[in-house]
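Single-structure report; data block below.
The values are calculated or read from the model by the stated rules, or taken from the named source; none is laboratory data. The structure displayed is predicted, hence computed values, not measured ones. Here the Cβ positions follow ideal geometry from the backbone for every residue, glycine too, while neighbour counts run over all protein chains shown.
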Amino acid sequence: MNNIKNEDKAEYNVTVNEDDAIIEQALAILEARLKREIKLTITCPDDSTKFLRLKLAEREHEVFAVMFLDNRHQLIEYTEMFNGTIDGASVYPREVLKKALSVNASAVILAHNHPSGIPEPSSADERITVRLKEALGLVDIRTLDHIIVGSDSTVSLAERGIL
């Protein structure tokens, strides 16, 4: 009986590893499409939500990422800037500002996940959004949205009127 269980475990591990490889390939294809000559232009939260869900939804710890956009809201770069724990991440506005200036961004979309799976914004989420918007605004970089990613859904702070 142990042999069967071990064989089942080995088969399961192969399947999980194959699935992980396919997911990584899908992410690479999405990123390549976003960076192609015909770039993704962000016109509404849904344009970036699918990409952000693939990147952040299954993370076991909190990750704070930024989509840096040009003046036509085309993606310049996606960067995972800060990693945290299961219930929070430290975010440093100075570092976000430095990166935005280094890639010559005109606008940003902020994003982070909630490992709990529930994307409801906390008061800390709202405060850091306001701080980042103010800091970036000093150098004329617009904050278009802050998207919180849960396991099955997302919340747009712009749609909630927080931005």
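Could you check the range 45-60 and list, in sequence order, the residues that are of a type outside the set (S, T, Y) and in contact with a strand residue (DSSP E or B) (Cβ under 6 Å, 6 or more places away or on another chain)?
Result: P45, L52, R53, L56, A57, R59.
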Fill in the blank from the handout: Across the range 105-117, the tally of residues that are closer than 14 Å to T143 by Cβ and in a strand (DSSP E or B) stands at 6
Fill in the blank from the handout: When the range 134-159 is checked residue by residue, the ones that are within 20 Å of E62 (Cβ to Cβ) and not in a strand (DSSP E or B) are G150, S151, D152, S153, L157
Problem - Filtered residue count, the range 118-133, keeping only those that are polar (S, T, N, Q), part of a helix (DSSP H, G or I) and surrounded by fewer than 16 Cβ atoms within 10 Å (Cβ to Cβ) - result: 1
Practice task
Please work out which one of (1) β-branched (V, I, T); (2) in contact with a Gly (Cβ under 7 Å, 6 or more places away or on another chain); (3) surrounded by 15 or more Cβ atoms within 10 Å (Cβ to Cβ) is the condition I76 fails and give its number.
Solution key: (2)
Practice task
Go through (1) at negative phi; (2) at pLDDT 95 or above; (3) surrounded by fewer than 17 Cβ atoms within 10 Å (Cβ to Cβ) and name the single condition H112 misses.
Solution key: (3)
Problem - Among (1) within 13 Å of the chain's Cα centre (by Cα); (2) of a type outside the set (D, E); (3) at pLDDT 95 or above, the one test that V96 misses - result: (1)
Practice task
Scan the range 87-104 and give yes if some residue there is among the basic types (K, R), in contact with a helix residue (DSSP H, G or I) (Cβ under 8 Å, 6 or more places away or on another chain) and either crowded, with 21+ Cβ neighbours inside 10 Å or assigned to a helix (DSSP H, G or I) (or both), otherwise no.
Solution key: yes
Handout entry: Filter pass, E60 being acidic (D, E), farther than 26 Å from K98 by Cβ and at pLDDT 85 or above
Key = yes
Fill in the blank from the handout: A158: passes all of (1) free of Cβ contacts under 8 Å to residues at least 60 places away in the same chain; (2) in contact with an Asp or Glu (Cβ under 6 Å, 6 or more places away or on another chain) but (1)
